[in-house]
Amino acid sequence: MKLFAKETYINRRRVLQREMGKGLLVFLGNKECGMNYADNTYRFRQDSTFLYYFGLDCADLAAVIDVDEDREIVFGNELTIDDIVWTGTQPTLQEMCQQVGVAHSLPLKNLKEYILKAQAKGQTIHFLPPYRAEHQVWLQELTGLLPSAQAAQASVPFIKAIVKQRNHKSAEEIAAIEEAIDTSTEMHLKAYSMVRPGVTEAEIAAAVEEVAGRRGHTLSFPTIATVQGQVLHNHGYIHTLQEGDIFLLDAGAENHLHYAGDLSSSLPVNDRFSERQAYVYNIHLSSFQAAVDELKPGVPFRNAHIAAATKIVEGMKDLGLMKGDARDAAECGAYALFFPCGLGHMMGLDVHDMENLGEQYVGYADGMEKSKQFGFKSLRLARPLEPGFIFTVEPGIYFIPELMDKWEAEKQFTDFINYDKLKEWRNFTGLRNELDYLITEDGAKLLGHLKKPMTIEEVMNAKNTKI
């Protein structure tokens, strides 16, 4: 179990306690989950909020911060001899608590009694929206709330206090994230060296994931490795790369402290981009740079999204696929035919940081309303940027036949889209690139110590480098 210094966790809890002011803060750690029977489990992943404040990376733990009593307690069970036979000798619960500066520990069964006593005293019980079924059952046992009522009664002040704190990354967090990004970059460079006709998506996915595994890292999300890039999340690995294809990789590593990296890459299967591929790829690069140019403290990330969308529309106009004012087409949502997702998202202990707490709280400031319109509804991050924010930038250009047909049948955005010209582009598929950025006091910093190829020249050089 890898940890930051004890003082890191102590200070994080102090900040949260001051922000909340009163009440009982409940943190539910994750449990093991069986794949097909109880003892054959999925890889354990601790709840990120629990990790942030308590650091303990093992199953069947919970914790409270009793703000009114100025007391912190971790609840868990000591290993039995039956456990030790399978796991070997492990630190005791008390020893683990000492490593993160928690003075008190109690058996897990005592958590319910503690909460009941707090309720009887009239304390406000603050809990987070559960995202796992076992948490819903556990919360019902602890509080009596039915699962159907839990999300609505989750503590908004608790959520906002956590988001306010976790959205701003410390120097040690930045270093951990850059470690994950460096491994992620190595994963992508491995893919570049393998892309050629006759190789399968499965072979590349396996090799990419081996890079992370050899460093003792895991994946920050399931790898996307596909020649069907118009399918935004394609995990099938069923195709063999053919001449004329564009290969798309979206993959990232999670390091020992569970901080994430997230990168995507697109490249031709042939030994060069075709004229059509190169044209679209360069439209994409111009949209990427337009977004990056907007990254400054105080500037809403929505501005970067609109800047990228405007450049995509301009490029589609040059191809004869769109018409009209490019900025108007971006603002009204016509761009989403080619770019139906959001530009980026917060990143940290989760690859989509804290989205279990609600995109509205993480990616939108108070008073900002998340759009329900196609395209804009997928914009996870829109709020004004602040120093310490870490997020991804990932514009893409996608040709999705089903979406084209739907919009044409509904006569959507006919002032901006030349549907008669789209038919010759139905089979182009899609492409995207993604990098990770930190907002500084006066601008934005590209994170990672290794360079991921971006320009056509860089892509082809990397493709011809064997690893």
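Tabulated data for the structure shown
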item: The range 138-231, Rg to Rh (Cα coordinates; Rh as Kirkwood inverse mean 1/r); result: 1.18
item: Separation in nanometres of the label points that stand 7 Å from Cα toward Cβ, at Glu408 and His256; result: 5.6
item: Electrostatic dipole magnitude of the range 284-428 [Cβ: Lys, Arg +1; Asp, Glu -1; Cα centre; debye, to 20]; result: 180
item: Across Lys6/Lys296; Lys323/Lys451; Lys311/Lys406, pairs whose alpha-carbon gap is larger than 30 Å; result: Lys6/Lys296; Lys323/Lys451
item: Of all accessible heavy-atom area on the range 274-341, the percent that carbon and sulfur account for (1.4 Å); result: 46
item: In Hz, Karplus ³J(HN,Hα) per residue of the range 423-430 (6.51, -1.76, 1.60; θ = phi - 60°; x = Gly, Pro); result: 4, 6, 10, 4, 9, 5, 6, x
item: Magnitude of the charge dipole, the range 1-90, Cβ model with Lys/Arg +1 and Asp/Glu -1, debye to 20; result: 480
item: Per residue convex hull volume, Cα atoms of the range 21-110, in Å³; result: 108
item: Proximal aspartates and glutamates relative to Lys370, as straight alpha-carbon distance under 13 Å, when same-chain residues fewer than 8 apart are discounted; result: Glu359
item: Computed over the range 340-467, Kirkwood Rh from alpha-carbon pairs, angstrom; result: 17.5
item: Relative compactness, the chain, computed as alpha-carbon Rg over 2.2 N^0.38 Å; result: 1.06
item: Size of electric dipole in the chain: Cβ of Lys, Arg +1 and of Asp, Glu -1, about Cα centre, debye, nearest 20; result: 540
item: Between 0 and 90°, nearest 10: helix 6-20 axis offset from the chain longest Cα axis; result: 90
item: Heavy-atom accessible area per residue - the range 172-213, 1.4 Å, Å²; result: 29
item: Computed over the chain: relative contact order in percent, which uses C-alpha pairs under 8 Å that are six or more apart; result: 14
item: Rounded to 10°, Cα long-axis angle of helix 201-214 versus longest principal axis of the chain; result: 40
item: Apportionment of accessible area to carbon and sulfur, the range 1-94, percent (1.4 Å); result: 48
item: Cβ-derived FRET efficiency at R0 30 Å, Ala206 paired with Arg272, nearest 0.05; result: 0.70
item: The chain - mean residue ellipticity at 222 nm from DSSP helices (-39,500 (n - 2.57) per run, n ≥ 4, rounded to 500); result: -12000 deg cm²/dmol
item: Table column - 3J(HN,Hα) (Hz), the range 216-222, Karplus curve with 6.51, -1.76, 1.60, x for Gly and Pro; result: x, 9, 10, 9, 7, 5, x
item: FRET efficiency for Met454 and Val231, using Cβ-Cβ distance with R0 set to 25 Å, rounded to 0.05; result: 0.65
item: Extended-chain gain in nm, criterion 0.36 nm per residue less alpha-carbon gap, Val15 and Ala103; result: 29.9 nm
item: Per-residue SASA entry for Lys423, accessible area with 1.4 Å probe, Å² rounded to 10; result: 120
item: Cβ-based net charge around Arg327, under 13 Å, with every Lys or Arg adding one and every Asp or Glu removing one; result: -2
item: Linear extension gain, Asp420 paired with Asn40, 0.36 nm per residue minus alpha-carbon span; result: 131.4 nm
item: Point-to-point label distance, His239-Gln119, nm (Cα→Cβ direction, 7 Å offset); result: 5.3
item: Helix 156-166 vs. the chain, principal-axis angle (Cα, 0 to 90°, nearest 10); result: 70
item: Computed label-point distance, nm, for sites Asp442 and Val199 using a 7 Å Cα→Cβ extension; result: 4.2
item: Residues of type aspartates and glutamates that Lys109 reaches as a straight line, Cα spacing below 13 Å, ignoring anything fewer than 8 places off in the same chain; result: Asp60, Glu78, Glu141
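The values are calculated or read from the model by the stated rules, or taken from the named source; none is laboratory data. Just so you know, these numbers come straight off a predicted model, no measurement behind them. When we count neighbours, we look across all protein chains shown, and the Cβ atoms used for this are built from the backbone with ideal geometry, even at glycine. With ligands, DNA and RNA removed, areas are computed over all heavy atoms of the protein, side chains included. Shrake-Rupley method; radii C 1.70, N 1.55, O 1.52, S 1.80 Å.
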